Structure formats: C-alpha cells, structure tokens
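The values are calculated or read from the model by the stated rules, or taken from the named source; none is laboratory data. Since the model is a prediction, treat every value here as computed from it, not as a measurement. When we count neighbours, we look across all protein chains shown, and the Cβ atoms used for this are built from the backbone with ideal geometry, even at glycine.
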Amino acid sequence: MGKLDGKIAIVTGAARGIGRTIAEHLAREGADVAVCDCQVEWLNDTVAAVQALGRKALAGAADVGSAAAVEAFVGQVLAQFGRVDILVNNAGITRDKLLIRMADEDWDQVIRINLTGAFLFSRACAKPMMKQRGGCMVNIASIIGLIGNAGQCNYAASKAGLIALSKSMAKELAGRGIRVNAVAPGFIVSKMTDALSDEVRSQMLAAIPAGRFGTADDVAKSVVFLASDDAAYVTGQVLSVNGGMVM
C-alpha cells in the first residue's frame, strides 16, 4: 500500500522538472493527481506518467496569478474527485536582474506567480479542506528565500514571502486539521545547472557539504513525507533540501 492511497492532490506548475516529478511521486504513493500549468498541452507527459502508475489524472490550463482561473480549476477538481487532500504550490518563475536594472514588470510578474499564485490556490483549497476537516499544503520555496541572492531580489522576496505565508496559514488552519509546510530546495539538477561551465559548477559544489547537486527526486520525496501521515505532527515548518549548503 502507498502512503497516500485514496488521496486527491493538486500540483501547480507540473509540466516539467520538479513539478512533474512531484506529481509522479504522489501518484506512485497512491494519490490521484490534478495538475495545471500555463498551457494544458504541456502537461501531456505528466498525465501519461501518472496514468502509467495506475492513478487518475486531471490536467488543466491555469494562470495561477488569476483568482478566477484558480477558482475554476479547483472547482473542476472538486467536480471530478469530490475533495482535495493535498495541495503542492510549485509554480514559479525567475526574472533575474540587479536591483537598479529590474523593471517593475520583472518584480510584479515574479511576485504574482510565485507568491500570489500560492495564496490564491491555498485560499481556494482551504475552503473544501476546512469542510472535510483535514488536508495538507506544501509550498515549494527556496534557500534563496532564506539567505537572499544578488540579482534575485524579486525571487528572494517571493520565496521568503512564501515561507511566511506557510507559517501564518499553519497557525490559522491547524484547528481544522490542515497542515501547511514549505520545502526549500538548494541547487537542483536542471537545464540551468547543466549549462554551467565546469568552473562555476566546481564553485557551487564546493559550497555544498554533500558534494553534489540535489535532484528533483530529492525534493519530491520530501513533499511525499510532508503530505503523508508520517508527518501528522509537522506543521509550520521549512524543510531545507540542500545537501547542507544552508544550515
């Protein structure tokens, strides 16, 4: 039996990378998974992977920064599955620039997708979770939200805000049986890290005591733990998955 048998999960930004891997791990543990991204066709591979694991999948296009789009997608999930047990707010973007060169749009878009999107999905899912007196939310933050980073003022602010949002929601919702936690990944293997020069990769690795970059699987396994009954007494926490880079 899986740790999440019979659960219904929503994963935002699930077309590729960490989001897709999270969806697959949730399905592997027995959850049916609803996934969304900007373009629904981007989700075909994720849906196929979930279904290949014997679980049901629902895919939809959703602008996470639009309250109407978020409410519509959550309503679609409730209409098909009848409940929502797990919400993973993974959708996120970067628009990296130094502070003095950062345009208003660079700031607004990152905050809108990374932070406002998580707020909108959390608000929409909190209502049915409160009625069923149970549920779990996991927000994908970043170590950048803990330590900051030059050239990423917008991204750092969005991820720090996501951590604070998680703690505040945890206090509000615990009495209704809803747990809220955050995962803060460090450097994760991606197209970005693959494109780095050997010199830059060596410098980055030197800052990681574990001696390797993390993987999407490392992040997804942490999400499964927080979503499962193994973490029944864990709420309002930030689980850093960074190989010891930040302690």
Do we find a residue being without any contact (Cβ under 8 Å) to a residue 40 or more places away in the chain, among the acidic types (Asp, Glu) and part of a helix (DSSP H, G or I) anywhere in the range 212-231?
yes
Just name the residue that is surrounded by the fewest Cβ atoms within 10 Å (Cβ to Cβ) out of those in the range 1-15 that are of a type in the set (A, V, I, L, M) and assigned to a loop (DSSP other than H, G, I, E, B).
MET1
Just a yes or no: is a residue in the range 38-57 hydrophobic (A, V, I, L, M, F, W, C), modelled with pLDDT of 95 or more and closer than 18 Å to ALA124 by Cα?
no
Name the one entry in ALA69, ALA79, ALA48 that is in contact with an Asp or Glu (Cβ under 9 Å, 6 or more places away or on another chain), free of Cβ contacts under 8 Å to residues at least 24 places away in the same chain and assigned to a helix (DSSP H, G or I).
ALA69
Pairing a residue in the range 18-30 that is in contact (Cβ under 8 Å) with a residue 60 or more places away in the chain and within 16 Å of PRO185 (Cβ to Cβ) with any residue that is in a helix (DSSP H, G or I) and among the basic types (Lys, Arg), where Cβ atoms lie under 8 Å and the two sit 6 or more apart in sequence or on different chains, gives HIS25/LYS221
Quick count over the range 125-159, residues being more than 20 Å from VAL223 (Cβ to Cβ) and free of Cβ contacts under 8 Å to residues at least 24 places away in the same chain, is 5
